[in-house]
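Here's the structure we're looking at; comments come further down.
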Amino acid sequence: MAEIHELSAVELRDALRSGELSSRQATGHFLDRIAAENRHLGAFITVTAEQALLDAAGADEAHARAARDGTEPALLHGMPVAFKDLTDVAGVVTTHGSAALDHKPALTDGALVATLKQAGVISLGKTQVPEFGLTAYSENRVAPPSRNPYALSRSSGGSTGGSAAAVAAGLIPFAPGSDGGGSVRIPAAACGLVGLKPGRGLVPAGESTGDPAGLVVSGPLARSAADAALLLDALVPGPPATGESAVPSPSYLDLAAQDPPKLRIGVSLESPWQTIFPFTPDAEALDALAEGIRLLEAAGHETADASIRYDNRYPAAFTTAWTAAVGDARIVPQREALLTPLTRTFRRRAQQRGPAKLAESLSFLRHFQHDTIAQYAAWDLVLMPALAQTPRPVGWFTGAAHGDGYWPAAEWAGDADGDYRKQCEYAPWSSMVNVCGLPAISIPVHWTGGAKGAGLPMGIQLIGPMGSEALLLQLAAQLGF
């Protein structure tokens, strides 16, 4: 057998279910890798090794009972995972990436955690996030920044950046993330992973409260389409039983193994941000797009330029909706100075806006959704680069001099608007997908060094209509991912 961390998530799942590997073996192996690698990577904020080993022992006992009783193990029996530090795991501190909060252990599991524990996973700990999940990079004042396994001087993206780094470095086999403006797809693209944002409403275990525009949805980060499909099967509840003779619906894992139909795919570089933040995609982003087009056409699909236009009122409306929750966060006044400059600025502005302004923005975003979906409907899928730039250096967005370690009193540059502009220019094709509620997938089709694992990863994003998650996974698998 290959090293445990070299197995795909599907292969590891099969080995655990068959008893070829015990949960304690798998858990211990990944904990050893975290102990060896995390000091350089900054992927984990908290490692819960003792509890993980206890849970793994319990999983092995449950597996033995199931074997005696002739019953099937849980779908993800014994699979090690980690949760981004925005969601509660009972008995573990949830930092939300913020030094301004009291860090107390959570009393209960969040909905996403409860869903996956029911499916049999073993939690190894909590992964690095930006403060309140607001940014496209995973750096904060709580713990060392999350770094890209392919170049430690570069960011792993955000907000699910710690989880993406952990999966890419083989510290966990796959990971759930949450995506409210690109937070699964951005780190997936930065770390050379497949990242799927499901459509609104498919996954019931959301990450966010105070999400008035319905932007946030949970989805998988994985090294392949099949691994992502396996995790999606655990995230999505099955259809209700309709009698003994009912034929079960195929799983996403089964569907991902099927070839997609021939598709008409529209290609666009238009972004709703470019009216206020004009940008030019890096050559590497265009190389990734060209490679994506080549692979799609070689697979028999048709691509052509898509004429898509976005309403120039979008940036202000999205920013209002995106930052509404931070204005309501319970932070005592004497601790506000511990917020990062970007969070502090957006919190102040959110508190200064009245309910009428938020209502106006939400109304506009509903019209934007309708108009944009109508334009996308001319195509089976819409294609664009996943990111406009290569993964950015650690500290590039904030001006913080992170060095190699933890800096509890680091000086961060105070230019919140400059930070936000850089993020929108880095990931200009992400947030409008959340506003529209559509499924989208990031696929790592290109490496700046010319071969997989050489240089930095760059990807494409494919956006589909509602209900197209299986199709997007099929296409990623057809392209070899």
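The values are calculated or read from the model by the stated rules, or taken from the named source; none is laboratory data. Computed from a predicted model, the values in this text were never measured in an experiment. Neighbour counts run over all protein chains shown; Cβ positions are idealised from the backbone, glycine included.
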*For ARG200: the one exception among (1) of a type outside the set (A, V, I, L, M); (2) over 19 Å from ALA213 (Cβ atoms); (3) within 15 Å of the chain's Cα centre (by Cα); (4) surrounded by fewer than 24 Cβ atoms within 10 Å (Cβ to Cβ)*: (2)
_Residue list for the stretch 415-456, filter: surrounded by fewer than 23 Cβ atoms within 10 Å (Cβ to Cβ), of a type in the set (Gly, Ala, Ser) and either without any contact (Cβ under 8 Å) to a residue 24 or more places away in the chain or in contact with a strand residue (DSSP E or B) (Cβ under 9 Å, 6 or more places away or on another chain) (or both)_ = GLY418, GLY437, GLY449, GLY450, ALA451, GLY453, ALA454, GLY455
_It is to be established whether one or more residues within the stretch 108-131 are in contact (Cβ under 8 Å) with a residue 60 or more places away in the chain, more than 28 Å from HIS29 (Cβ to Cβ) and either touching a helix residue (DSSP H, G or I) at 6+ places or on another chain (Cβ under 6 Å) or among the acidic types (Asp, Glu) (or both)._
yes
*Show the residue pairs that are 6+ apart or on different chains and have beta-carbon atoms under 6 Å apart, the first residue being within the stretch 326-337 and closer than 11 Å to LEU101 by Cβ, the second being surrounded by 13 or more Cβ atoms within 10 Å (Cβ to Cβ) and modelled with pLDDT of 90 or more.*
ILE331/ALA100; ARG335/ALA100
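Evaluate the stretch 30-44: report whether one residue or more is assigned to a loop (DSSP other than H, G, I, E, B) and more than 27 Å from THR94 (Cβ to Cβ). Walk me through how you get there before you give the answer.
First pass over the stretch 30-44, keeping only residues assigned to a loop (DSSP other than H, G, I, E, B): 42-43.
Going one step further and asking which of them are more than 27 Å from THR94 (Cβ to Cβ), we end up with none.
The answer is no, given that none of the residues of the stretch 30-44 is assigned to a loop (DSSP other than H, G, I, E, B) and more than 27 Å from THR94 (Cβ to Cβ).
Any residue at all in the stretch 247-258 that is under 19 Å from TYR376 (Cβ atoms) and either of a type outside the set (Phe, Trp, Tyr) or loosely packed, with under 15 Cβ neighbours inside 10 Å (or both)? If you could, list the steps in order and put the result at the bottom.
Step one: of the stretch 247-258, the residues under 19 Å from TYR376 (Cβ atoms) are none.
No.
Does the stretch 372-388 contain at least one residue that is among the charged types (D, E, K, R), modelled with pLDDT of 95 or more and part of a loop (DSSP other than H, G, I, E, B)? Please lay out each step first, then the result.
First, pick out the residues of the stretch 372-388 that are among the charged types (D, E, K, R): 380.
Narrowing further to those that are modelled with pLDDT of 95 or more: 380.
In the following step, the residues that additionally are part of a loop (DSSP other than H, G, I, E, B) were identified as 380.
Within the stretch 372-388 (the criterion being among the charged types (D, E, K, R), modelled with pLDDT of 95 or more and part of a loop (DSSP other than H, G, I, E, B)), the answer is yes, since at least one residue qualifies.
Checking the condition among the hydrophobic types (A, V, I, L, M, F, W, C), surrounded by 24 or more Cβ atoms within 10 Å (Cβ to Cβ) and touching a Phe, Trp or Tyr at 6+ places or on another chain (Cβ under 7 Å), which residue from VAL113, VAL89, VAL121 passes?
Going through VAL113, VAL89, VAL121 in turn, just one is among the hydrophobic types (A, V, I, L, M, F, W, C), surrounded by 24 or more Cβ atoms within 10 Å (Cβ to Cβ) and touching a Phe, Trp or Tyr at 6+ places or on another chain (Cβ under 7 Å): VAL89.
Please enumerate the residues belonging to the stretch 171-181 that are among the hydrophobic types (A, V, I, L, M, F, W, C), in a loop (DSSP other than H, G, I, E, B) and either within 15 Å of the chain's Cα centre (by Cα) or closer than 25 Å to LEU202 by Cα (or both).
Pass one, the stretch 171-181, residues among the hydrophobic types (A, V, I, L, M, F, W, C): 171-172, 174-175.
When the remaining residues are screened for being in a loop (DSSP other than H, G, I, E, B), the result is 171-172, 174.
Within the stretch 171-181, ILE172, PHE174 meet the criteria.
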*Answer yes or no: is there a residue in the stretch 70-85 that is at pLDDT 95 or above and among the basic types (Lys, Arg).*
yes
*If you go through the stretch 299-325, how many residues are surrounded by 20 or more Cβ atoms within 10 Å (Cβ to Cβ), polar (S, T, N, Q) and part of a helix (DSSP H, G or I)?*
1
